[in-house]
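Note sheet for the following structure.
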Amino acid sequence: MGKLLYGPTIEVVFDDRVLAHLQLVIGLKLRRGESFFFSWRDEQSVGDGRSVIWLDPSIPLVFRYNGGRMPKINREWLDVLTNSSNSAQGLQLTDEVGALGRTSEE
């Protein structure tokens, strides 16, 4: 399990595979200087709700992976995540779709 560290106080745990896909989508938006919302479903251990943060290029962001290898990228899922990042609701983490047939919970 990797971590997304945002600003001085936000630390969110994600599977390395999920984190790799988020890094690509978020990196693309921030490289363009775009700010946007990012939302995900919380683990049951923290209430099983939903969290949303505002991502801005001026706020420090770290992707910390647990494993040493970069997971294989699922282009179909990457497209779904990228499309959602361009919507009014912002990037919404969804279960993995596509050829690899895995979900983000695996």
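Please tell me if residue 11 is in a strand (DSSP E or B), surrounded by fewer than 18 Cβ atoms within 10 Å (Cβ to Cβ), without any contact (Cβ under 8 Å) to a residue 40 or more places away in the chain and among the acidic types (Asp, Glu).
Criteria met by residue 11.
Modelled with pLDDT of 95 or more, aromatic (Phe, Trp, Tyr), exposed (fewer than 13 other Cβ atoms within 10 Å of the Cβ) and not in a loop (DSSP other than H, G, I, E, B): is that true of residue 77 in this structure?
No; evaluated as a whole, the condition is false for this residue.
Specify the residue that is farthest from residue 35 (Cα to Cα); the eligible residues are those in region 83-106 that are touching a Lys or Arg at 6+ places or on another chain (Cβ under 8 Å) and modelled with pLDDT of 90 or more.
It comes out as 96.
For region 51-79, which positions are within 18 Å of residue 14 (Cα to Cα) and in contact with a Ser or Thr (Cβ under 6 Å, 6 or more places away or on another chain)?
52
Only residues in region 59-84 that are more than 22 Å from residue 1 (Cβ to Cβ) count as the first member; pair them with residues that are modelled with pLDDT of 95 or more and part of a helix (DSSP H, G or I), Cβ under 8 angstrom, at least 6 apart or cross-chain, and list the lot.
Filtered contacts from region 59-84: 82/25; 82/28.
Could you please let me know if residue 42 is at pLDDT below 95, surrounded by fewer than 18 Cβ atoms within 10 Å (Cβ to Cβ) and of a type in the set (Asp, Glu)?
yes
The values are calculated or read from the model by the stated rules, or taken from the named source; none is laboratory data. Note that the structure is predicted; figures quoted are calculated from it, not measured. In this analysis, Cβ positions are derived from the backbone assuming ideal geometry, glycine residues included, and neighbour counts consider all displayed protein chains.
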